[in-house]
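> Quick one: the structure is below, and I'll ask about it shortly.
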There are 4 protein chains.
Amino acid sequence: MKFEVSATVAYKAMSASTLILNIQPFRSLNQVVIEETFESDPQLKMRELNSISGEKRFKIIEIPGAGEVNISYKAIVENEFRIIPAEQLDDVPISLMTASALTYLNPSRYCQSDRLYRFAYNKFGHIEHAYQKVMAIRDWIYTNVQYGGYTTAQTSAYDTITEQIGVCRDFAHLGVALCRALTIPARYFTGYAYQLNPPDFHACFEAYLGGHWVVIDATKLAPLNGLVKIATGVDAVDTAFASIFGNLQFVSMNVNTVSLNADFESPDFDTSSQGYSYI
Amino acid sequence: MKFEVSATVAYKAMSASTLILNIQPFRSLNQVVIEETFESDPQLKMRELNSISGEKRFKIIEIPGAGEVNISYKAIVENEFRIIPAEQLDDVPISLMTASALTYLNPSRYCQSDRLYRFAYNKFGHIEHAYQKVMAIRDWIYTNVQYGGYTTAQTSAYDTITEQIGVCRDFAHLGVALCRALTIPARYFTGYAYQLNPPDFHACFEAYLGGHWVVIDATKLAPLNGLVKIATGVDAVDTAFASIFGNLQFVSMNVNTVSLNADFESPDFDTSSQGYSYI
Amino acid sequence: MKFEVSATVAYKAMSASTLILNIQPFRSLNQVVIEETFESDPQLKMRELNSISGEKRFKIIEIPGAGEVNISYKAIVENEFRIIPAEQLDDVPISLMTASALTYLNPSRYCQSDRLYRFAYNKFGHIEHAYQKVMAIRDWIYTNVQYGGYTTAQTSAYDTITEQIGVCRDFAHLGVALCRALTIPARYFTGYAYQLNPPDFHACFEAYLGGHWVVIDATKLAPLNGLVKIATGVDAVDTAFASIFGNLQFVSMNVNTVSLNADFESPDFDTSSQGYSYI
Amino acid sequence: MKFEVSATVAYKAMSASTLILNIQPFRSLNQVVIEETFESDPQLKMRELNSISGEKRFKIIEIPGAGEVNISYKAIVENEFRIIPAEQLDDVPISLMTASALTYLNPSRYCQSDRLYRFAYNKFGHIEHAYQKVMAIRDWIYTNVQYGGYTTAQTSAYDTITEQIGVCRDFAHLGVALCRALTIPARYFTGYAYQLNPPDFHACFEAYLGGHWVVIDATKLAPLNGLVKIATGVDAVDTAFASIFGNLQFVSMNVNTVSLNADFESPDFDTSSQGYSYI
């Protein structure tokens, strides 16, 4: 699939500050950034970094003093995903997991899986196949958690499981936490999402099944084949679109995702029988 | 029903301390304390107080210095409860509640009902009749929360709803919190419990339905007609068996409840059609 | 002192609802409500209740269906307070406390004193005199907690002690919790406050010292002799100005406090040597 | 320095299980594992992995069924540390940090630095030099937090900052969280510790200052030049000595650290003027 993605973001700096933006699609064998422009007005000193584990890249932007800052990003991206039959998406035994996958079994700031073992086991432990467990987690979240803008930057999966309201970030955190509680590695996924309405950055999650990172969206707000991955990480802490160091006030943001495939079709395929993987 | 209840409790004082014990059955029109003895070895200065709202009485015991303290309590109590048909146990409109009942709608230290609204509504909101809601709450707790000794003095309903393990105190806190979240006044109930095994003090809760305080035990560990009420309150904070001020080490406790009715029969009645009230 | 206090509050009802307002000054021997009017537009069915422990009165207002509701309250109040020398404001031994005072040693929803023992003892335990302890608590809060509108309805003393920002409600909760952690009974106090700027309802707290309930304001935002007590309680749970049952949207509120003493003088007395009591 | 380190650990398996042990010293240019033996009785299938970011290695041990398992590890290790003058241990600007260092600014499961900004700033913000800030953090923890065995696996820095009691793990979590709150990257450090009494694994932390990872021990329980690093990570989640998957009961553990330098001397140097780095 081919997409044009773009984002503009404006801040008002009250003093010299540093801004980290993680809004550029991740580069991989299966996701090629064909062209991109990253501009700031005024022109600012920027540095691009890749995370050590290779699942994101980001810009560190130095803002020398007070004033408005406008960032404008645009890229053309081509990516592919694999469709994998459900029966192949089984549990990976601990003893065969990679060191990287094991990392995603740990609890994290917003995904306290260590406090959800009994809940997860009581609710989903009887389901035998790992992929069906994850589908049941997705459906439980979708059914029980109301989509709404109530949460704060401190809201975690431990809150959402009981308070049962949240935005895509909260849906994703809860999905990650419940998978990890069932010994299924899971990680947070951020990206551009075609046909997300209103247009915005999106968050969902990936579960490690049968050796594949399968993408799951408990909000069901965007077609799974319209995603452009920006980053994956332990949770929102290492995948935030913007991290601010200094005195910067947020002014505005616009995000857009356009399909360059004339014939984009949202799949109405039965996710209970197949999974999507963007790796 | 007639019961002999007794409790012995031993502490080791490291220095002058004050001990508050709330282990004496509450006196009311429907619960008569026929005789009681409350002794300490060594003999200590004690004062008995009643709570201002009249739902408990307790002893304040002054321990003048280091040494062992043995308390021994015994009473004969006769009480009655009412059996009320379920259809009479309906919601009381806010505008008709007493000031006292309204108090038991508030969240408290261990019963954060303000954080459980959406959960309670999603899970039980569709049930029309108030008593059936409360029965569903009891059954949900009984089914989902494992009985076990994992919790600490800081464990609250907000923890138990997710961690799904606890003792009678935790079961009661969660029942109270879920009722309050559905605008049903609820309070914590402590007492002696005949046939509780192993013998111990017991905690359950009361819901305010149709103008009655109906007793509910989500642990299902003791017959509802074998209870001798010690206290009711907002939660464990104002009904603790023992409160310690100073440096007292707990040594041991023994609790016993004997039925003085030769023919005590644990009722196997259908609680879905009738409720018990000890007031 | 003599004050005219008034409050108007507007809601938009989306459906039949019940509103509880606790905005009328408390009546006591030392605080006389000389005259008051409580009106609603449209005219609504109201019931006035007193809390069982006598420290507040409130109106239960039935809103029969959708529409705007405007409440308008005005009163003339005369009250007196006592000034008590600091040296009389000492600890009351547990064994001499009233049942009512003992209640205010318990932790509550927003004042988790059970989690603050070590902090309170480390910070204030070395201060010998109870009133000086309470003054040190007030000053620690005033110095370390920033006054600002960041907190939510779920913010508690356990949050404020670390997050160090809050409004009068949060300052009061932290004061209450720290006193209780030091075995000093403390309760939440709401009222009208002359010269509070901008005008609003105010919250502070009372500590039980030498048998008196001494009023303390860690915000230092209003003169202590300009208060008109509305309610005291365990914390914001039982003293909220408004409690909503149903679908009511808040529209606006106005609060005003006028001194009817031509010569009102904000005292600049040394609170380290004397305390104020409104009981 | 040269050390012999050893650990034996025994479990009782109730069924087939997987055990991950992270007890082997990390291998680096400055820490050479001269020889080591890792044995199990009965003999079990094991796999050794390195974390992707290279800061730990660990064994995955498959336990095929019920029975006792005894693990015995012994190694001879030679390591070096650098002593760096305090004035070189300054803040690294965000814009010059490595991607790896930036990771250690994020909050984590047990180090909720996002909730400690105001506390950290109020308490330590006035100190100008980064290393002196970190020394002040260490001293504040040492002075205010009591060393004691009260905490559970869920205790986090947000608890310890108020509850003010904990073990080495809690001291380290709080140090990490406070550094991150001040925009100083910090990570959790586990290791063998010579002269730690009683002998056990130890936890402390590293702060990123002047481009160096400087080791800090807020417990002050072991000499800084007697450490053998096992792992560094975000907090206890990715550096746990043992992680259990299945039904394994802990039986016993023994840890020992012996100096092979005849003339080991605990340094009594002024840590306010110099820092230690094990990288």
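Only the coordinates and a few stated rules stand behind these numbers; no lab work does. None of these values were measured; they are calculated from a predicted model. Ideal geometry is used to build each Cβ from the backbone, glycine not excepted, and the neighbour counts take in all protein chains shown.
> Taking 4 °C and 1.567 mPa s as the conditions, I'd like the Stokes-Einstein D for the range C:86-196 in µm²/s, using the Kirkwood hydrodynamic radius from alpha carbon pairs.
Answer from the Stokes-Einstein relation: 90 µm²/s.
> What do you get for the angle between helix C:168-181 and the principal long axis of chain C? Use alpha-carbon atoms, 0 to 90 degrees, nearest ten.
Approximately 40 degrees, to the nearest 10.
> Measuring from centroid to centroid over Cα atoms, what is the spacing of the range B:148-170 and the range B:11-66 in Å?
Each part's Cα centre sits 28 Å from the other's.
> Let me ask you something else. With no solvent and one equal point scatterer per Cα, compute the Debye intensity ratio I(q)/I(0) for the range B:1-90 at 0.11, 0.14, 0.16, 0.18 Å⁻¹ and report its log10, rounded to two decimals.
Relative scattering, expressed as log10 I(q)/I(0), comes to -0.42, -0.60, -0.73, -0.85.
> Let me ask you something else. Roughly how many nanometres apart are two label points built 7 Å out from the Cα toward the Cβ at C:Glu80 and A:Arg27?
Here the modelled spin labels are 8.3 nm apart.
> Given the convex hull of the Cα atoms of the range D:39-155, what is a quarter of its surface area in nm²?
With every direction weighted equally, the projected area is 12.2 nm².
> Using only Cα atoms and rounding to the nearest 10 degrees, what angle (0 to 90) does helix C:130-144 make with the longest principal axis of chain C?
Taking the Cα atoms of chain C, the angle to C:130-144 is about 60 degrees.
> In whole Å, what is the distance between the alpha-carbon centres of the range D:213-279 and the range A:128-146?
Each part's Cα centre sits 41 Å from the other's.
> Oh, and also: Assuming R0 = 22 Å, what is the FRET efficiency of C:Ser273 and C:Tyr142, from their Cβ-Cβ distance, to the nearest 0.05?
In this case the efficiency is close to 0.75.
> Let me ask you something else. Tell me what chain D gives for mean residue ellipticity at 222 nm when only DSSP H runs of n ≥ 4 count, each as -39,500 (n - 2.57), the sum divided by the residue total, rounded to 500 deg cm²/dmol.
-5000 deg cm²/dmol
> How much length is gained if the chain between B:Asn197 and B:His129 is pulled fully straight, taking 0.36 nm per residue apart and subtracting their Cα-Cα distance, in nm to one decimal?
Going from the current span to full extension adds 21.2 nm.
> Scanning chain D for GluC sites (Glu not before Pro) in DSSP loops with at most 16 other Cβ atoms within 10 Å, what's the longest stretch left with none?
The reported range is D:129-264.
> Rg to Rh for the range D:190-279: what is it, with Cα atoms only and Rh by Kirkwood?
1.01
> Does the range A:143-221 classify as rounded, prolate or oblate by the C-alpha gyration tensor (a ≥ b ≥ c root eigenvalues; a/c under 1.5 gives rounded; else a/b over b/c gives prolate, otherwise oblate)?
Taking the square roots of the gyration eigenvalues as a ≥ b ≥ c, the range A:143-221 is oblate.
> Let me ask something additional. Would you mind ranking B:Met253, D:Met97 so that the residue whose beta carbon has the fewest other beta carbons within 10 Å leads the list?
Ranking B:Met253, D:Met97 by Cβ neighbours within 10 Å, fewest first, gives B:Met253, D:Met97.
> While we're here: Lysine pairs, Cα distance under 21 Å, 8 or more residues apart or cross-chain: how many in the range B:1-138?
The result is 10.
> Also, I was wondering about something else. Per residue of the range B:84-97, in order, report the coupling 6.51 cos²θ - 1.76 cosθ + 1.60 (Karplus, θ = phi - 60°) as ³J(HN,Hα) in whole Hz, putting x for Gly and Pro.
Rounded to whole hertz, the list is 10, x, 3, 5, 7, 9, 9, 3, 9, x, 3, 5, 10, 6.
> Starting from the Cα gyration tensor of the protein assembly as shown, take the square roots of the eigenvalues, sort them a ≥ b ≥ c, and report rounded, prolate or oblate (rounded when a/c is under 1.5, otherwise prolate if a/b is larger than b/c, else oblate).
rounded
> Moving to a separate point now. Please get the size of the charge dipole for the range B:82-135, origin at its Cα centre, with Cβ charges of +1 on Lys and Arg and -1 on Asp and Glu, quoted in debye to the nearest 20.
Roughly 300 debye for the range B:82-135.
> In nm, to one decimal, how far is the modelled label at A:Tyr121 from the one at B:Lys220, with both set 7 Å along Cα→Cβ?
So the two model labels end up 2.1 nm from each other.
> On alpha carbon coordinates alone, what is the Rg over Rh value for chain A, Rh being the Kirkwood radius?
Reported Rg/Rh, Kirkwood definition of Rh: 0.97.
> Hey, in the GNM for chain B with a 10 angstrom Cα cutoff, which one of B:Gly148, B:Gly226, B:Gly211 fluctuates hardest?
B:Gly148
> For the range A:158-241, what is the charge dipole size about the Cα centre, in debye to the nearest 20, if Lys and Arg each add +1 at the Cβ and Asp and Glu each add -1 at the Cβ?
Here the size comes out at about 240 debye.
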